[in-house]
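Here the structure is laid out as C-alpha cells; the discussion comes afterwards.
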Amino acid sequence: MIGTGIQVNGDITGDEDLTIDGKLEGSLKLDSNEVQVGKTGIVKADVSARIVKIDGRVDGDIIGQEKVVITRSGNVRGNIKAPRVTLEDGAIFKGSIDMDPGDSAKAQAEALAKKTNGQSPSATQPMKLESGDKEAALSAKSS
Amino acid sequence: MPAGGKVKSARLFPELFSHVDPGERLRVLEVGCAQPETVDFFSRFKCRLQFLDLYASPSLLEDQGSKSEAELSPGFRKALALPKSEKYDICLFWDVMQYMTGPAIRALCGALEPHLHKRTRAHALGVHSVLTASDLAEYAIVDDKTFRLKPCRLPGLEYRPHPQAELAEMLTVFKIERAMLMGDGTVEMLMASKPYWDSD
C-alpha cells in the first residue's frame, strides 16, 4: 500500500495487489494482480494490472487484463484497454476505451447487427422526414 | 427498464448498426460526456469508444458567437486531438448542433473529415421547427431504442436551433440519409459521410 502521506517517483513492478492512497508518478505494472487507486490517490502513470479499480485520480493510459472499474469518485484522463470496462454514475472520464468482450457479448452484437441488417435505406434515397408516431404525423401536417 | 430520469425513444438509432461486422473492431466517436450506460451498451462490441466532450471545453462553445469558421477550426482540431490514422465507423452527436453556430458546425465537420471513411454513419438530434423547445442534456444509451437524458454541465449555453434544410447545408461532411419526426417535435437523423456518398 502507498499511504496518503507517501509520494513515489519511479516504476513499480511485482506480483502483489497494491492500493494507492498517496501519489505515484512513473509507471505501474502488476499484470497478475489488482490495483486500487483510493479516493485520495493521485497517479500520473501508465497502469497495467489484472484488475484496476479507480476511486481517485489517474492521468495516464490503463490496461486491465480482466477489467477496469471507475467508481463514482473516480477521475481518469487517458486511454483504457480492457475486455470489460465499468463506469459508475458520477465518474469522470476523458479519453478512449478499447473493449473486447469475447464471444458471449459478441453474440449479442451479432444479434443487434442481424436485427437491423437490410433495413437501411439505399444510398440513393433522398432525405425525407418521416413521422415517429401518429402524434408526430399530425404535428408535421399542421406546422 | 431505465432506473430513472427522462428517457427518449429512438427509431433510427438501431440502423447505425446495420453495416456492423461483429468480427471487426467498431470505432465509435461520441461527441459528449462518457456515460455509464453508453460504456455498458458498447461493451457488447469489440470496439474503440472515443469521447469528445465539448462541454468540457467551455470556451469552445461559449465563445463561438461571432467567430468565423476559420477562427473556430483550430480550437475544434485541438479539442478532437484524434490520432491521424484513426477513422470512425459511427459518430454520435446527440443534440449538440442545436447549441452551435453555423460556422462552429462547419469547423467541427472540417476537423472530423480526415477521420471519416466510406461507410461512416452518424446520428444526431435536431428539431422540426425552430420554435421547438429543448432542454440541453447529456445523453446515455440505455439500449438501441432508448436514451436517458441527464442535466448538462453547461446549462447556460445558448439554444440555436437550426431548421433541417439549413442544418443539412452546415453539415459539410455528412448527408442526412433519413430523418424521423418524433412526438416531442425533435427530429432523429441518420447520416452518411458525404464526400464518399457523392462519389459513389
_All positions within segment A:81-105 that are more than 9 Å from every other protein chain (Cβ to nearest Cβ) and either among the hydrophobic types (A, V, I, L, M, F, W, C) or open to solvent by less than 20 Å² (accessible area, probe 1.4 Å) (or both)_ = A:Ala82
*Can you pull out the residues in segment B:20-52 that are surrounded by fewer than 17 Cβ atoms within 10 Å (Cβ to Cβ) and more than 21 Å from B:Ala81 (Cβ to Cβ)?*
B:Asp21, B:Gly23, B:Glu24
*asked:* Take residues that are open to solvent by less than 20 Å² (accessible area, probe 1.4 Å) and within 20 Å of B:Tyr88 (Cα to Cα) and tell me which of the strands (runs of 3 or more DSSP E) falling wholly in segment B:116-191 contain 3 or more.
replied: B:116-127, B:137-143, B:174-181
*Mind telling me which of the residues B:Gly65, B:Gly102, B:Gly75 ends up being away from chain A (no Cβ under 14 Å) and crowded, with 19+ Cβ neighbours inside 10 Å?*
B:Gly75
_Enumeration of residues in segment A:23-56 that are farther than 19 Å from A:Ile92 by Cα and surrounded by fewer than 18 Cβ atoms within 10 Å (Cβ to Cβ)_ = A:Glu25, A:Gly26, A:Ser27, A:Lys29, A:Asp31, A:Ser32, A:Asn33, A:Glu34, A:Arg50
*Taking segment A:8-22 on its own, how many of its residues are exposed (fewer than 11 other Cβ atoms within 10 Å of the Cβ) and either touching a Leu at 6+ places or on another chain (Cβ under 6 Å) or in a strand (DSSP E or B) (or both)?*
3
*Taking only pairs six or more apart or across chains, which ones have beta-carbon atoms under 8 Å, a first residue in segment B:46-65 that is at pLDDT 80 or above, and a second residue that is open to solvent by 40 Å² or more (accessible area, probe 1.4 Å) and assigned to a loop (DSSP other than H, G, I, E, B)?*
B:Lys46/A:Asp100; B:Lys46/B:Gly23; B:Lys46/B:Glu24; B:Lys46/B:Arg25; B:Cys47/B:Arg25; B:Arg48/B:Arg25; B:Gly65/B:Glu158
*Could you list, in sequence order, the residues of segment B:35-56 that are among the acidic types (Asp, Glu) and more than 7 Å from chain A (Cβ to nearest Cβ)?*
B:Glu37, B:Asp40
*Determine the pairs where a residue that is more than 28 Å from B:Phe13 (Cβ to Cβ), located within segment B:73-92, has a partner that is polar (S, T, N, Q) with Cβ atoms under 9 Å apart, the partner being 6 or more residues away or on another chain.*
B:Gly75/B:Ser57; B:Gly75/B:Ser59; B:Gly75/B:Gln64; B:Lys78/B:Ser57
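The values are calculated or read from the model by the stated rules, or taken from the named source; none is laboratory data. Note that the structure is a prediction, hence the values are computed from the model and not measured. Positions of Cβ are backbone-derived with ideal geometry, glycine not excepted, and every protein chain shown enters the neighbour counts. In case anyone asks, the SASA skips ligands and DNA or RNA and just uses the protein heavy atoms, side chains included. Shrake-Rupley method; radii C 1.70, N 1.55, O 1.52, S 1.80 Å.
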